[in-house]
1. Has the range 204-212 got any residue that is surrounded by fewer than 18 Cβ atoms within 10 Å (Cβ to Cβ) and either under 14 Å from the mean Cα position of the chain (by Cα) or modelled with pLDDT under 85 (or both)?
2. Quick one: count up the residues across the range 100-111 that are in contact with a strand residue (DSSP E or B) (Cβ under 9 Å, 6 or more places away or on another chain) and surrounded by 20 or more Cβ atoms within 10 Å (Cβ to Cβ).
3. Among the strands (runs of 3 or more DSSP E) confined wholly to the range 359-460, which include 2 or more residues that are modelled with pLDDT of 85 or more?
4. Kindly indicate whether residue 621 is within 21 Å of residue 475 (Cα to Cα) and modelled with pLDDT under 80.
5. Among (1) in contact (Cβ under 8 Å) with a residue 12 or more places away in the chain; (2) over 34 Å from the mean Cα position of the chain (by Cα), where does residue 523 come up short?
6. Surrounded by 14 or more Cβ atoms within 10 Å (Cβ to Cβ) and at pLDDT 75 or above: does that describe residue 651?
7. For the range 621-644, give me the residue count where each residue is in contact with a strand residue (DSSP E or B) (Cβ under 8 Å, 6 or more places away or on another chain) and in contact (Cβ under 8 Å) with a residue 40 or more places away in the chain.
8. What is the one condition in (1) touching a helix residue (DSSP H, G or I) at 6+ places or on another chain (Cβ under 9 Å); (2) outside any strand (DSSP E or B) that residue 614 does not satisfy?
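The values are calculated or read from the model by the stated rules, or taken from the named source; none is laboratory data. Keep in mind that this is a model prediction, so the values were computed, not measured. Ideal geometry is used to build each Cβ from the backbone, glycine not excepted, and the neighbour counts take in all protein chains shown.
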């Protein structure tokens, strides 16, 4: 992407240098000649700029984010769409990311954390009021300015990525900060951002993440099933009210989190006015801080603790009885001892006052220096630090600091200690480096296995997948990767995989056939090159023969030849329909009890065109009911679902959402 350096985009923006790179775009420092100011220009990478559908999405998302205007959100000045490239012009940030700031300082004071989280939540409040969900809140996407203010970045890119990524990749994108619903691949809303902001607040207060593990999957599972250690158990100086705010934001049960960013801001403001406040949220039982499942395991821990304290209290009572029996015998002895002690104290005072006081002078206290960011070799024998004993403690991997750099110190910078005090430092061991395997030409399933085998849990990484039309690569095979084969992968690497959609795919717009008679609807669909699938007759208030439902939304773009199911009215029912008895869920159902008892409906789900295997997952709301490989030549599969009321079905083929339908269990 260095080809842009020195170029003048739209006769206005002179590209000066690369200042950052992500999975989909490269960020450049540039000069706006019209306003004579430095700006940041985010340019879409070449592999994505060739895909017309992706470019249209990128442009639409960028324009939406450009409408955001808030002091805590990076300003977007301009959005360009040309035949050559797509780019966004943004405010150039003079500062560092919140992640870098925390790595430099360790845990922040609770006042610093309050200062930063309040600004982050104000940014989210503004974005949510405009209908925009960030989906990737983490300290890497929060910039700390020199004046102490913060800017939240990457609203548009995060939103766009969520539309393109597969279920699994979205869940593993920023694994330490994702919400439980993201980890499960479920639906997200504004409360997803609140959870991630809660994790950021937790990390600022404690200097550590709430969950960690040997692999991204292990961390994601902890977000769903585990209870984080309370911040005050790590640092007792954290005020109780701020701990309550943190845990309520991080509640695994989405319905028990703060409902809006405004609600969380209200609590933060109350705490700011009175740091001694307690909100009385019942964290142990999950009504504010934890889900019911987690509360159950937490209760088990509490029961064990209660038994321990019962035994302790019993022991104290027995000791009290023994003490009372001995006390009478001690009274006379104590009287004599007291007289002797009084004489000794008087003698000691006399000797100290007249002979020894001047011999003992308290050593002066000195301030602990700031060693974080310095090389251990440069400070260990440095005369500047001769008043301290500096020793190396543990080592820790770091993507920011080279091997031998001091990451943490105890005591902290600014503490007052006696001369000769020991400072224990944590030192960077550098970062784990692994070579990127060659995935080009392999099926996506094989590529995933090769990638997992090559990395073998040695580093944390995230994957983004994108599908493009290709005449040279078989459908479902990898076209290219970023980084390329042989590149050095460091901890936290972002890997982009481009997968072939095959050649000559034509997209058509789905017509609106609801309200048409059946014959008219069939003609309208076939004229667009679409295939009419299952025609289900249902009782409805519309006249007989009129279409009351279609499986693809009107106006949506789908591949030509896709199967569209419709429902046709039988006319109003003469008598109320009988209730069908509950039936057993299909054998594909992983959680047959999860969908609940109710009526059963058979749903026909279209498969992608072509032949060959395709891995199909069907989700009934938040429960996966099918996870199986089929041959595309079948054209469609039938799934029996059981439930009550109306529920959504979501179908993913090889990780890509391909079909969504609303099942009405009460009306067939």
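1. Yes: one or more hits.
2. Within the range 100-111, residues that are in contact with a strand residue (DSSP E or B) (Cβ under 9 Å, 6 or more places away or on another chain) and surrounded by 20 or more Cβ atoms within 10 Å (Cβ to Cβ) number 1.
3. It comes to 365-367, 389-396, 406-410, 416-418, 422-428.
4. The answer is no for residue 621.
5. (1)
6. In short, yes.
7. 11
8. (2)
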